[in-house]
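The values are calculated or read from the model by the stated rules, or taken from the named source; none is laboratory data. Since the structure is predicted, the reported quantities are computational estimates derived from the model, not experimental observations. Cβ atoms come from the backbone with ideal geometry, glycine included; neighbour counts cover every protein chain shown. Surface accessibility is based on the protein's heavy atoms, side chains included, excluding ligands, DNA and RNA. Shrake-Rupley method; radii C 1.70, N 1.55, O 1.52, S 1.80 Å.
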Amino acid sequence: MIIQEQMSVGEKLNILSDAAKYDVACTSSGSSRKNDGKGMGNCEPAGICHSFAADGRCISLLKILFTNECIYDCKYCINRSSNDVVRTSFTPDEICELTMGFYRRNYIEGLFLSSGVLHNPGYTMELLYETVYKLRNVHHFQGYIHLKAIPGANEEIIQRAGYLVDRMSVNLELPTADGLKKLAPNKTRKNILRPMRQIQLAAKESKQEVALYHHAPAFVPAGQSTQMIIGATGESDYELVHVAESLYRQFELKRVFYSAYVHVNEDSSLPALPGGPPLLREHRLYQADWLMRFYGFRGEELLSENQPNFNVMLDPKCDWALRHLERFPVEINRADYYTLLRVPGIGTTSAWRIVGARKYGSLDFEHLKKIGVVLKRALYFITCNGRTMYPIRLDADYIVRNMMNPREKLPVEPGITYEQLSLFDTSTVGKKEMVV
Amino acid sequence: MKYVYICPDTMAGIFTGVYDAWASKVGHENVELRVKEPDDLEFFCEYITVKEDMDKAEKVRRSIQRKLGEGVYHSICYAACAYFPDRAQAIYHTLVDFFAKEGAASKRPLASGWHPGGTGSNYFENLRNPHVKRLQEIYRRVSMESYRYIEILRFKELENKVLFAVIEPEHNILQFLAPHFAERFPLERWLIYDKGRKRALGHEPGKGCALLDGADLPEHYQEYCADSQADYERLWKDFCNHIAIKERVSWARQRQMIPIKYRKYMEEFDTK
Ligand code: SF4
């Protein structure tokens, strides 16, 4: 192993941000902390993106590893102990200085600190704790901090750290215990879920405290998140959605992040993925996740044993609507908010607007267009005062044929030609629903 | 006959215009409010130049706040600072339609559960009305731009420790940045400069913010930067490059998220 002792902060930053980039979470949302007038920073509940990287992902936090030294050998990880890469570590002071320097210049919302496992989990967690402790108490930093909890560290230090940071996360890494055994031999499902449960319970307790005593310290006020790698092991989308749903339900996670597997190591146990990371699949999972969190969909509505994977060509909501034509058309001037949400082309914002505007009189298609409904897709599923926009047939094939819009803004080209379309029975390309 | 009220280009000016036009009783549909002299004068049109009057403006402000609530008032303030020439017109006719015609549809809170006070606090939901729709749009554009600059504005540290940022926004958003940065950096001296309008927003610890008009930017202001400034720019730029996953690079997506026109003062981008 190559350990560089004399390295500038700049060189360390290059190595340790490079090593941290596979962690997808970069949000700074969910915390609302006012500045107390004695330090620097605050937290905006909606989160703030200060820039966007070349891969189009938002840059909101200084995302770094404390060290890329690691005693473990997770097959998929660039920092695994068997890899021959340059290793280095920050000191807590270096991280504090970088964070403050970046924050003052309005580059970032705060710090996302993760780490390889140096010596042992407890030792590593101590270092992470020391860093955030200094940031909060020496530098009086009041911006956002997202800290990784290292599984295997003792409960007490995780507890203490939780009171200093906004969000904590423990990575599930792989969706199944089997996958974990195969690709992360030093980790176990049990070990990962234990701190997750601890954080959940502590956060719950602290919420009650804060409700009672306004000034009680808050434990991870922005909640807990996790991430899993998509496409390194053989799970179906149905299984993934199921795992995510139970994480939301049983561990009350704020977010589950999906990370399309990136092939960085040559290893016989890893898939080759000649087409690059499975970005489209990741995209569909985020869409489904969105539907579950904000649209009131349940996982089993979107996928089933018989239909275990998302339609590549069709976003999950459209796909669902076409399989449930009996629920349509929906009358715009009467349907309740949640029913409106189920219409392709109507998102949360336009649903609110419809509910608000119709108080002043009934709405027609012209109004809907102004309100921001994507009529191109919605028109097959709605009526205004009992009338459809054009004479249409409520028939899946017909809708698919007419709705064809080859310009869905996908993160990647689906790599499928229209001749192949017939392979998918109800396929078409819709517009990205998440932004509607 | 059409009556065109030319208002001074300030919030109080527009509010005074609203007052005068309303008081003139020439019929609301015959009134047009503008903030700029038209290039060509039209026939059958009377032009009235409004003189800013704080008492009148204050009256208008109070009735908006009382009847339409803080939320709508807040949106109207943003809209009044927009760059769009039809903003005064949209404000006037929205107010007229509310006060003289449609009134409040209900006293229930907004669909979102938010009820900021005033029986007309949900009047902005009345998107069937073209003036409300337009005003809402103008408000959204201004507030989105303000938010955008909260994200992308970059401070440079000067030798005297002042944090200094230059922006070139389309709308007159400086004052909307004040609460955010005052809260965030209460112990710092900072200055944000709107280059196009030659306007500055300054902050002094313990004293709060102040707006300054007619300030000129020294041409070589970069030379006043602290020594460490260049180092931090380098570190930031390298960080931004290293944090991207090369297997996922998508310049199109990056451009979509952060259009080129905003990048001028963002050190992580090479705009030269
Ligand atoms: S624990 Fe595994 S995933 Fe984490 S840094 Fe070490 S090798 Fe990589």
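A few remarks follow.
- Restricting attention to segment B:212-261, the residues being among the polar types (S, T, N, Q), open to solvent by 60 Å² or more (accessible area, probe 1.4 Å) and without any contact (Cβ under 8 Å) to a residue 60 or more places away in the chain number 2.
- Which numbered condition B:Glu168 fails, given (1) over 18 Å from B:Tyr78 (Cβ atoms); (2) within 12 Å of chain A (Cβ to nearest Cβ): (2)
- Condition met for A:Val170 (in the same structural domain as A:Ile71 (by TED's automatic domain parsing), open to solvent by less than 10 Å² (accessible area, probe 1.4 Å), touching a residue at least 40 places away in the same chain (Cβ under 8 Å) and within 16 Å of the ligand (Cβ to nearest atom)): yes
- Boolean, A:Thr67 is open to solvent by less than 40 Å² (accessible area, probe 1.4 Å) and more than 13 Å from every other protein chain (Cβ to nearest Cβ): yes
- Residues (part of a loop (DSSP other than H, G, I, E, B) and at pLDDT below 90) located in segment A:365-384: A:Gly372, A:Val374, A:Leu379, A:Tyr380
For (1) buried (at least 23 other Cβ atoms within 10 Å of the Cβ); (2) modelled with pLDDT of 90 or more, each residue gets a yes or a no:
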| position | (1), (2) |
| --- | --- |
| B:Glu46 | no, no |
| B:Asp53 | no, yes |
| B:Ile76 | yes, yes |
| B:Pro85 | no, no |
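Here's the yes/no breakdown for (1) farther than 22 Å from A:Ser169 by Cα; (2) among the small types (Gly, Ala, Ser); (3) away from the ligand (no atom under 15 Å from the Cβ):
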| position | (1), (2), (3) |
| --- | --- |
| A:Glu44 | no, no, yes |
| A:Ile48 | no, no, yes |
| A:Cys70 | no, no, no |
| A:Asn83 | yes, no, no |
| A:Val86 | yes, no, no |
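- Residue selection: A:Lys148 satisfies the criterion of being within 16 Å of the ligand (Cβ to nearest atom) and of a type in the set (D, E, K, R).
- Pairs, first over 20 Å from A:Asn42 (Cβ atoms) in segment B:181-209, second open to solvent by 70 Å² or more (accessible area, probe 1.4 Å) and acidic (Asp, Glu), C-beta under 6 Å, six or more apart: B:Lys195/B:Glu168; B:Gly196/B:Glu168; B:Arg199/B:Asp213
- Matching residues, segment A:88-100, being away from the ligand (no atom under 16 Å from the Cβ) and over 27 Å from the mean Cα position of the chain (by Cα): A:Thr91, A:Pro92, A:Asp93, A:Glu94, A:Glu97
- Screening segment A:35-60 for residues that are over 15 Å from the mean Cα position of the chain (by Cα) and more than 7 Å from every other protein chain (Cβ to nearest Cβ) and picking the one that is most open to solvent (accessible area, probe 1.4 Å) gives A:Lys38.
- Subset of segment A:263-303 [among the small types (Gly, Ala, Ser) and either at negative phi or within 12 Å of chain B (Cβ to nearest Cβ) (or both)]: A:Ser268, A:Ser269, A:Ala272, A:Gly275, A:Gly276, A:Ala288, A:Gly299
- Residue ranges of helices (runs of 4 or more DSSP H) in segment A:155-272 with at least 3 members farther than 29 Å from A:Ala288 by Cα: A:155-162, A:189-212
Yes/no per residue for (1) under 30 Å from the mean Cα position of the chain (by Cα); (2) under 30 Å from A:Pro278 (Cβ atoms); (3) not aliphatic (A, V, I, L, M):
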{"position": "A:Gln307", "(1), (2), (3)": "yes, yes, yes"}
{"position": "A:Arg323", "(1), (2), (3)": "yes, yes, yes"}
{"position": "A:Arg327", "(1), (2), (3)": "no, no, yes"}
{"position": "A:Leu340", "(1), (2), (3)": "yes, no, no"}
{"position": "A:Ile346", "(1), (2), (3)": "yes, yes, no"}
{"position": "A:Ser350", "(1), (2), (3)": "yes, no, yes"}
{"position": "A:Arg353", "(1), (2), (3)": "yes, no, yes"}
{"position": "A:Tyr360", "(1), (2), (3)": "no, no, yes"}
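- Qualifying positions in segment A:343-363 - among the charged types (D, E, K, R) and either crowded, with 18+ Cβ neighbours inside 10 Å or at pLDDT 90 or above (or both): A:Arg353, A:Arg358
- Flag: A:Leu183 matches the condition of being open to solvent by less than 20 Å² (accessible area, probe 1.4 Å), more than 24 Å from A:Leu111 (Cβ to Cβ) and in contact (Cβ under 8 Å) with a residue 60 or more places away in the chain.
- Leading residue by the ranking (nearest to the chain's Cα centre (by Cα)) among those in segment B:228-268 that are more than 7 Å from chain A (Cβ to nearest Cβ) and aliphatic (A, V, I, L, M): B:Ile260
- Verdict on A:Gly275 being more than 25 Å from A:Gly231 (Cβ to Cβ) and touching a residue at least 60 places away in the same chain (Cβ under 8 Å): no
- Taking segment B:155-170 as the range and being within 19 Å of the chain's Cα centre (by Cα) and under 19 Å from A:Ile48 (Cβ atoms) as the test, the residues that pass are B:Ala165, B:Ile167, B:Pro169.
- Subset of segment A:50-63 (residues that are in contact (Cβ under 8 Å) with a residue 12 or more places away in the chain and at negative phi): A:His50, A:Ser51, A:Arg57, A:Cys58, A:Ile59, A:Ser60, A:Leu61, A:Leu62, A:Lys63
- Check on A:Leu128, in contact (Cβ under 8 Å) with a residue 40 or more places away in the chain, in the same structural domain as A:Ser8 (by TED's automatic domain parsing) and in a helix (DSSP H, G or I): yes
- Qualifying residue in segment A:107-115 (condition: aromatic (Phe, Trp, Tyr), crowded, with 20+ Cβ neighbours inside 10 Å, in contact (Cβ under 8 Å) with a residue 40 or more places away in the chain and in a strand (DSSP E or B)): yes
For every residue, the table says whether it meets (1) part of a helix (DSSP H, G or I); (2) in contact with a helix residue (DSSP H, G or I) (Cβ under 6 Å, 6 or more places away or on another chain); (3) under 23 Å from B:Arg154 (Cα atoms); (4) in contact (Cβ under 8 Å) with a residue 40 or more places away in the chain.
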position	(1), (2), (3), (4)
A:Ile15	yes, no, no, yes
A:Gly30	no, no, no, yes
A:Gly37	no, no, yes, no
A:Glu69	no, no, no, yes
A:Ile78	no, no, no, yes
A:Glu94	yes, yes, yes, yes
A:Phe102	yes, no, yes, yes
A:Val117	no, yes, no, yes
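- Odd one out for B:Cys209 among (1) open to solvent by 50 Å² or more (accessible area, probe 1.4 Å); (2) touching a Phe, Trp or Tyr at 6+ places or on another chain (Cβ under 6 Å); (3) closer than 23 Å to B:Phe185 by Cβ: (2)
- Considering residues of segment A:57-68 that are within 14 Å of the ligand (Cβ to nearest atom) and of a type in the set (Val, Ile, Thr) only, the residue nearest to A:Thr99 (Cα to Cα): A:Ile64
- On inspection, A:Ile78 does not qualify as more than 7 Å from chain B (Cβ to nearest Cβ), among the aliphatic types (A, V, I, L, M) and more than 16 Å from the ligand (Cβ to nearest atom).
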